[in-house]
Amino acid sequence: MARSPAGKGPPKAASATSEDDTRIWRRVTSTVTPPVHRKAARVTPGAVLPSLDEPSPMAAPPPRGVAGKKRDAALTPASAGRATNSPTSKTAALRPRSAPGELEPRRQRRLSRERDPIEARIDLHGFGRFEAEDQLRGFLIGCQMRGLRSVLVITGQGRRGGGIIRASVHEWLTGPHLRGVVSGFASAHQRHGGDGALYVTLKPR
C-alpha cells in the first residue's frame, strides 16, 4: 500500500473510512431520545417512597364535598372557641350573685324552736369593727366548706342598743364577699340572744 509523503495527512482510504463512521454515528444518535433529568426528591427517614406510577404528592387534592367541609369546620379550634365564648356563656359567667335576703318566717320559727339545728355559733363581743368583720367572714366561709347550713351570729346589743357591730353586720352579710356563702338571715329568738343575735343560713358548697 502506498504511503503518503511525510506531513501530507492520512491516506485517502483512511479518510473514507472516517467519513463512513461519522455518517453512521449521526444516524444512530438521531434515533436515541435523551433521558429526562428529574430533580431529586427530599426523603424523610422512615417515609415510604411513592411509586413512579402514582401522582405527585404536590398535585392539588381533589375537591371535597359540602359534607366534608362542614365536618372540618365543626372540628376546627376556632369553632370550638366560638362555642365556649358564646354570648350565653359570657352572660352566665358575668351574672352577679344575688344578695341574701330576710329569712323565711317558717325557717326562722324552725330555728327558734330548734327543729332545724343550729350547727355552729360565733360571738363577736370584744372585737373591733374591722376585726369582727374578718372573724365573721372567716367563720361563715369555714362553715360552708364543712357543709353546715344554719349558724348563729351573736353581735351583742351594744350600749343603749347602738353597738357598732350590730349596726354593721347586715352590711357585711349582704356584701360581695359573702354573696356566694349566705342565703338568708333574721333576728334570733330571745332564747338565742334576741336582737343581739342573728340566724344565718348558708348556701350549699
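Filtering ARG82, ARG137 for residues that are modelled with pLDDT of 55 or more and not acidic (Asp, Glu) leaves a single hit, ARG137.
One residue stands out among those in the stretch 173-205 that are open to solvent by less than 10 Å² (accessible area, probe 1.4 Å) and of a type in the set (Gly, Ala, Ser): the one that is farthest from HIS125 (Cα to Cα), which is GLY184.
Does at least one position in the stretch 126-149 carry a residue that is touching a residue at least 12 places away in the same chain (Cβ under 8 Å), in contact with a Cys (Cβ under 9 Å, 6 or more places away or on another chain) and either surrounded by fewer than 20 Cβ atoms within 10 Å (Cβ to Cβ) or acidic (Asp, Glu) (or both)? Scanning the stretch 126-149, I find at least one residue that is touching a residue at least 12 places away in the same chain (Cβ under 8 Å), in contact with a Cys (Cβ under 9 Å, 6 or more places away or on another chain) and either surrounded by fewer than 20 Cβ atoms within 10 Å (Cβ to Cβ) or acidic (Asp, Glu) (or both), so the answer is yes.
The values are calculated or read from the model by the stated rules, or taken from the named source; none is laboratory data. What you see is a predicted model, and the numbers here were worked out from it, not measured in a lab. All Cβ positions, glycine included, derive from the backbone under ideal geometry; neighbour counts span all protein chains shown. All accessible areas refer to the heavy atoms of the entire protein, side chains included, with ligands and DNA or RNA removed. Shrake-Rupley method; radii C 1.70, N 1.55, O 1.52, S 1.80 Å.
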